[in-house]
Amino acid sequence: MMEQQLTTTNLEPIPDDLQSPQAKLVYLYIEAADGATVDDLAQALTMKKIAILSVLNSLSSDALVEKDGDRYVVAN
């Protein structure tokens, strides 16, 4: 198994409008990993894909993350 390399730089503060603990967790992971696929998130966070897809849909709707190919990245 290949481990995901996380960034060691300081992360930006979590957006104030993120209330759900799952949304915060997914957002932070995507930011720290500099992007992640649904499979990456499912494996690293031990969450079901359906839950991750729901969170990603919410984060995308709020323009906090965007899809780049098969990966999700923090929106600029």
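Would you check which residues across segment 51-70 are buried (at least 16 other Cβ atoms within 10 Å of the Cβ) and not small (G, A, S) and list them?
I52, V55, L56, L59, L64, V65
Name the residues in segment 30-50 that are farther than 16 Å from D70 by Cα and either open to solvent by less than 40 Å² (accessible area, probe 1.4 Å) or charged (D, E, K, R) (or both), would you?
Passing the criteria: A32, L45, M47, K48.
The values are calculated or read from the model by the stated rules, or taken from the named source; none is laboratory data. Computed from a predicted model, the values in this text were never measured in an experiment. Here Cβ is always computed from backbone atoms with ideal geometry, including for glycine, and neighbour counts include all displayed protein chains. Surface areas here come from the heavy atoms of the whole protein model, side chains and all, with no ligands, DNA or RNA. Shrake-Rupley method; radii C 1.70, N 1.55, O 1.52, S 1.80 Å.
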